[in-house]
Amino acid sequence: MAVQVGAPAPDFTLPDTDKQPVTLSAFRGKKNVLLVFFPFAFSGICSGELCRVRDDLASYENENVQVVGISVDAPPSLRVWSRQEGFGFPLLSDFWPHGEVAQRYGSFYEKAGMATRGTFLIDTAGVVRFAQVNQPGEPRDQESWKKAVAALGA
């Protein structure tokens, strides 16, 4: 079951594309975080979704909000993909223990060993303010993310 709106966001530390640790709780008191779980780098729907985020980054990320992508891909794969696509936001690897963070967020498809398309907006207090989990093959409605991010500024 996905983490619910109003619940504390499960904390984690995952490596980025340069294998540097990124900890969710390090953003507390500083920035809201839009977590975007995705199945796999280089896949069609994932590429389309994250390229739309890249192309409209100002709608999601600003001085108060940080976008963070997470998949079960290894850091080297994410690094190549991020550089190829020119993503201006960090991608984190939930490779090992395999999908542990995605599982804690209720955004993991056990049968295929991949993250589902989960999106969570976490405020500066570490509380989930928006939660959406789409199943494999089901693209997301990113307009709902924009509304959730805008609502934090209200």
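The values are calculated or read from the model by the stated rules, or taken from the named source; none is laboratory data. This one's a predicted model, so the numbers in the text were calculated from it and none came from an experiment. Cβ placement follows ideal geometry from the backbone for every residue including glycine, while neighbour counts extend to all protein chains displayed.
Report, by residue number, each residue of the stretch 136-154 that is over 15 Å from the mean Cα position of the chain (by Cα) and free of Cβ contacts under 8 Å to residues at least 40 places away in the same chain.
Correct list: Glu138, Glu143, Lys147, Ala150, Ala151, Ala154.
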Would you be able to say whether some residue in the stretch 2-20 is over 14 Å from the mean Cα position of the chain (by Cα), among the charged types (D, E, K, R), at pLDDT 95 or above and not in a strand (DSSP E or B)? yes
Sole residue being polar (S, T, N, Q), surrounded by 14 or more Cβ atoms within 10 Å (Cβ to Cβ) and part of a helix (DSSP H, G or I), chosen from Gln66, Gln103, Gln84: Gln103
Scope the stretch 109-140; condition among the charged types (D, E, K, R), surrounded by 12 or more Cβ atoms within 10 Å (Cβ to Cβ) and farther than 20 Å from Asp94 by Cα; matching residues: Asp123, Arg129, Arg140
Just to verify a result, which residue in the stretch 20-45, among those that are under 18 Å from Arg83 (Cβ atoms), in contact (Cβ under 8 Å) with a residue 60 or more places away in the chain and not aliphatic (A, V, I, L, M), is surrounded by the fewest Cβ atoms within 10 Å (Cβ to Cβ)? Phe40
For Ser71, all conditions in the list (1) surrounded by fewer than 16 Cβ atoms within 10 Å (Cβ to Cβ); (2) under 14 Å from Glu49 (Cα atoms) hold save one; what is the number of the exception? (1)
